[in-house]
Amino acid sequence: MNARRTGGTRVIGLAGWSGAGKTTLVKRLIPCLAGRGISVSTIKHAHHAFDLDTPGKDSYEHRHAGARQVLVGSALRWALLTELRGAPEPTLAEMLARLDPVDLILVEGFKREPIPKIEIHRAANGKPWRFPEDPLVRGIAADVPPPCDLPHVALDDIEGVADLVLRHAVPLSVLLPASA
């Protein structure tokens, strides 16, 4: 699945309660997909304040002095840090529009966003299933069989999860407004 061959980037959400194993799954899923020749980017939603910068570094000092954006670049990577400074949190569509083209974008979190999702469920959490309330759940990766007819695989079946993800991912163009 190459973005140039298939007409563009595809997107799928991985949603579930905290502690279900979403991040662990994504860490295992990325190399699996890369091994199939699929380029992957991710978007991760944080429900709390977070910082990627280190106190004492120049970029940190620039932001804390009041810079709205700080771009840090090197021969290995670059990062653009944007301080919202009271502006609204960007929408998922706005964040998706900022990513470079790849074959697949995995969206971790954003469980309430109107995008197709694979539900990640761990019974030990004691949390309810999301699928009855969210009609956009297209499949399930869980450590117990789900009480429904949705396609499902075991949480530790990475190849199976990769198949589910690829089967249910949708073109990015379906999710972005025409103006994005």
In degrees, nearest 10, the alpha-carbon axis of helix 158-168 is tilted away from the dominant principal axis of the alpha carbons of the chain by 80 degrees
How many Å³ per residue does the convex hull of the Cα positions in segment 13-89 occupy?
146 Å³
In degrees, nearest 10, range 0 to 90: what is the angle between the Cα axis of helix 22-35 and the longest Cα principal axis of the chain?
90 degrees
So for Trp129, Trp78, fewest C-beta neighbours within 10 Å to most, what's the order?
Trp78, Trp129
For the chain, list log₁₀ I(q)/I(0) at each q in 0.15, 0.19 Å⁻¹, using the Debye formula over Cα point scatterers of equal strength and ignoring solvent, two decimals each.
-0.95, -1.29
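Each reported figure results from applying straightforward, stated rules to the coordinates on display, with no laboratory input. Predicted model only: the values in this text are computed from it and were never measured. Methodologically, a virtual Cβ is constructed for each residue, glycine included, from the backbone with ideal geometry; neighbour enumeration extends over all protein chains shown.
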